[in-house]
1. With labels modelled as points extended 7 Å from the Cα through the Cβ direction, what inter-label distance (nm, one decimal) is found for Ala251 paired with Lys140?
2. Using DSSP to define loop residues, name the trypsin sites (Lys or Arg not before Pro) in region 321-407 whose beta-carbon has at most 12 other beta-carbon atoms within 10 Å.
3. What is the dipole size for region 1-150, taken about its Cα centre, with +1 at each Lys and Arg Cβ and -1 at each Asp and Glu Cβ, in debye to the nearest 20?
4. State which entries of Lys223/Lys247; Lys223/Lys373; Lys349/Lys373; Lys160/Lys223; Lys288/Lys373; Lys247/Lys271 exceed 25 angstrom in Cα-Cα distance in the structure shown.
5. If Lys and Arg each add +1 and Asp and Glu each add -1, what is the summed charge of the other residues whose beta carbon sits under 9 Å from the beta carbon of Ala104?
6. State the extension gain, in nm to one decimal, for the chain segment bounded by Glu41 and Ala87, taking 0.36 nm per residue of separation less the distance between their alpha-carbons.
7. May I ask you to derive the FRET efficiency for Glu197 and Leu56 from their Cβ-Cβ distance with R0 = 60 Å, giving the value to the nearest 0.05?
8. Please report how far the C-alpha centroid of region 150-178 lies from that of region 38-88, rounded to the nearest whole angstrom.
Amino acid sequence: MAQLSDDCFAFGGPMMSVDEAVGLIAERVTPLRDIETVPLEHADGRILARDLAAPLPLPPFTNSAVDGYAIANADLPRGEARSLPLAGRVQAGAAAQAAQPGHAVRIFTGAPMPGGTDTVFMQEDVTIDGGRVVLPAGLKPGANVRPAGEDIAEGAVALKAGHRLRPQDVALVAAFGLTQVEVVRRLRVAVFSTGNELASPGTPRAGPQLFDSNRFMLMAMLKRLGCEVSDLGILRDERAALAEGLKQVAARHDLILTTGGVSTGEEDHVKAAVESAGSLVLWRMAIKPGRPVAMGIIDGTPLIGLPGNPVASFVTFVHVVRPTVLALLGARPAPLTPMPVRAGFSYKKKAGRREYVRVHLRKREDGTLEAHKFPREGAGLLSSLVDTDGLAELGEAVTRVEPGAMIGFLFYADLL
Ligand code: AMP
Ligand code: MG
C-alpha cells in the first residue's frame, strides 16, 4: 500500500513554507483506488469516486413555477389587459391535457405545462370575472415557467470525481432518482499520543501527569474528515517501543498520526523511532504555532508526527493532515480561503513564517466584523481554542498588524 515514495517530501531549504508543504502533499501523495458503493443516506461527507453524469434532465419536464394561469404565447396581452375564458385545471403530479386555443388553464406550482401554453400569470396578478380571467399587460413570454433541463441538462457532468459530497450534493443525486453512489473507501488512520507525562482519561493520573487531550481532538478531527480511526492509545517516550508500535500498525492503515515527541529535545523520540521503523523527513515548517512536524514512511504507509502542544497540534493538523487525508482520498484540492475581516488588535511577528492567531469575531456598529485576539498566547492553552471562533492568518510577509488593518480569518467550522 505504498502511498508515498521515500524521498517524496525531500526539499531543499531549512524551513518549508505552508504553501510548499500543501503543494507537495497534493502533488506527491498517491490517492487510494478502492471504491465502494454506499446508499444515499450514508453519502454525506464521502468523496465521489467517478464523475456523475445526469441520467435525466432537471427539471425532468417543463412545469409552472407558480400557482396561476397558463396561456399560449399567441394569447399574451399586448399593450392592454385581456380577458380569456378559463378551461381546464392541472395540479402538481397530474398529467396535463393540451390547452384549448384562446383559453387560460388553471395551473399550480410544479404542474406540467399544458400543450400549447408557454407562459404563466401568477394568481396574485389576475382577477377572476365569472368563468374568465383578466390578465394584465406587460408579462414576458415564457414567464414563470421552468423549462425541462434548465437546471441541469441530461448527460451533463453534474458532480465531478473527487468532490466531497455535501447535503446539497446528496439532494442532486436523489433528484436523479439514484439510490446509491460510488465513493472512495474510508481512510484508515491510526492515532497515537506519545509522552510519559500523559494519562488516558479514565485511568489514574499521577501528580506530574496530565490527561491526554490531543488524541481525542485529533480523532474527532479525522472523523469529521470521514476517516475510520484506530485509537492506539499512548506510547511511552522510548524509541524501541515507539518504533515497534508504529511498525505494527503500518500494514493495517493508510496513515499514521502521532502527537508529541517531534521536537529536537533528548526526550523527543518519534524522529529516531521513525528512522528505525522506516524513513523520516523531518520538516521544520515556517508556521507558528507548530514548527516541528515530522513526515515519514513506514512500510509504505505515510506517517505524520504533530507537535504535542494542543494548539500547535490543532493548527498543523489543518495544514498538513487535512491536505494529506484529502489527497489520499483523491479529493479535489479544497484550499482554505480566509475571509477578510478588520483587526481589532495589534500584533508583531517575524517575517518569513506564517502565523495563526486565535481570535473571536465581534460585529461592529457599521455591520463589519472585527477580529479580537485571545488575550494570552501559549500553545498549550486549550481554552484559547475553546473560547474563540477561528484563526486569523498572518502571511509570511507581515511583520505587524495594527487595529483597523484587514486580515484573513478562518472559521474553525470551515477547517474540516
Ligand atoms: P512535546 O511535543 O512532546 O515536546 O510536548 C509539548 C507539550 O505538549 C508538553 O507540555 C506536553 O506535555 C504537551 N502534550 C504532549 N502530548 C499531549 C497530548 N496528547 N495531550 C495534551 N498535551 C500534550
Ligand atoms: Mg513529549
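1. Taking the simple label geometry, Ala251 and Lys140 are separated by 6.7 nm.
2. On the way: sites: Arg342, Lys348, Lys349, Lys350, Arg353, Arg354, Arg358, Arg362, Lys363, Arg364, Lys373, Arg376, Arg400; in loops: Lys349, Lys350, Arg353, Arg364, Arg376.
Those satisfying the criteria are Lys350, Arg364, Arg376.
3. Details: 11 positive and 18 negative charges, 197 e Å.
It works out to roughly 940 debye.
4. Details: Lys223/Lys247 23 Å; Lys223/Lys373 29 Å; Lys349/Lys373 14 Å; Lys160/Lys223 23 Å; Lys288/Lys373 15 Å; Lys247/Lys271 14 Å.
From the list (Lys223/Lys247; Lys223/Lys373; Lys349/Lys373; Lys160/Lys223; Lys288/Lys373; Lys247/Lys271), the Cα-Cα distance tops 25 Å for Lys223/Lys373.
5. Once positives and negatives cancel, what remains is +1.
6. Working: separation 46, 0.36 × 46 = 16.56 nm, distance 4.34 nm.
Length gained, Glu41 through Ala87: 12.2 nm.
7. Values: r = 60 Å, r/R0 = 1.00.
Approximately 0.50, to the nearest 0.05.
8. 17
Read-outs throughout are calculated quantities, based only on the coordinates presented, and are distinct from any laboratory measurement. The structure displayed is predicted, hence computed values, not measured ones. Because the Cβ atoms are built from the backbone with ideal geometry, glycine has one as well, and the counts that use them run over all protein chains shown.
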